[in-house]
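Below: one structure, written as structure tokens.
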Amino acid sequence: MVVMREQTVKRPFYRGMLFQMVVAILAGALLGYLLPATGVAFNALAVGFIKLVRLVVGIIIFVTVMLGVAKLGGMNRVGKLALTSIVYFEVVTAIAFAWGMLVANVIQPGGGLHVDPASVDKNLISTFTIQAAQKHSFVEFLLGVVPANPVGPFLDNNILQVLIIALMFGFGITRLGPNKDALVASLVNVALNYNHLSLNRLPVDFSTMLPWTPACGF
């Protein structure tokens with residue numbers, strides 16, 4: 001009896017994501033250094049890339065949580081997942097804030113730039129200062145978790161509200177019974193294709209982000 005073994009075809013190294021990312025970073029930095037004016041012009045593409053990344057994060061979290069809830073199939077399991085997701089979000093957010101405060105006070109990034117704070121336009125950070133000055137009660141916080149519409153959380157990148165929408169949609173899929181399997185399979189394919197498209201675009205996006213920094217002389 002002859003056993004046929006499948007031969008794995010190795011992709012050329014230049015088609016690998018790591019190689020393309022390194023080339024994109026070097027090309028972007030070189031472009032900004034040699035052609036500063038062109039490098040500054042590329043900043044608009046970098047801003048667009050950041051917006052696309054924020055969009056991808058919300059959609060990936062939504063699809064992942066929704067499919068996870070749909071596959072669980074029971075309200076008890078859905079409730080446990082919802083509680084775990086909210087607790088995890090709050091804990092990780094608190095850790096991120098603590099780490100940011102630690103880095104800002106110990107390492108003090110930007111301290112060597114010798115920028116006079118009085119010369120900085122305060123209107124650029126007015127949105128953040130207004131939000132920091134606002135005080136919310138626990139009830140207001142709970143009401144803020146509830147989305148006003150199904151589109152706003154994705155546009156505002158409000159991850160906690162995205163989680164709530166994903167849990168609700170996932171629970172709705174569990175009520176479909178046997179018909180849910182085909183829908184879940186279709187959603188999985190959509191999520192995988194979307195993620196694949198986003199990852200394949202990363203080298204191009206990084207090449208547009210790098211020219212701005214050397215072009216400005218940093």
Which listed residue (Ser85, Phe154, Leu183) has the Cα farthest towards the positive end of the charge dipole for the stretch 85-191, taking +1 on Lys and Arg C-beta and -1 on Asp and Glu C-beta about the Cα centre? Leu183
Using per-residue counts of other Cβ atoms within 10 Å, averaged over each peptide, order 25-34, 80-89, 94-103 from highest down. 25-34, 80-89, 94-103
Restricting to lysines 8 or more places apart or on different chains, can you count the pairs in the stretch 53-190 with Cα atoms under 26 Å from each other? 4
Going fewest to most other Cβ atoms within 10 Å around each Cβ, Thr129, Thr174 line up as Thr129, Thr174
Sort Lys10, Lys180 so the one with the fewest other Cβ atoms within 10 Å of its own Cβ comes first. Lys10, Lys180
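A short reminder: the numbers here are calculations on the coordinates, not readings from a lab. What you are looking at is a predicted structure, and each value in this text was computed from that prediction instead of being measured. Note that each Cβ is placed from the backbone with ideal geometry, even for glycine, and that neighbours are counted across all protein chains shown.
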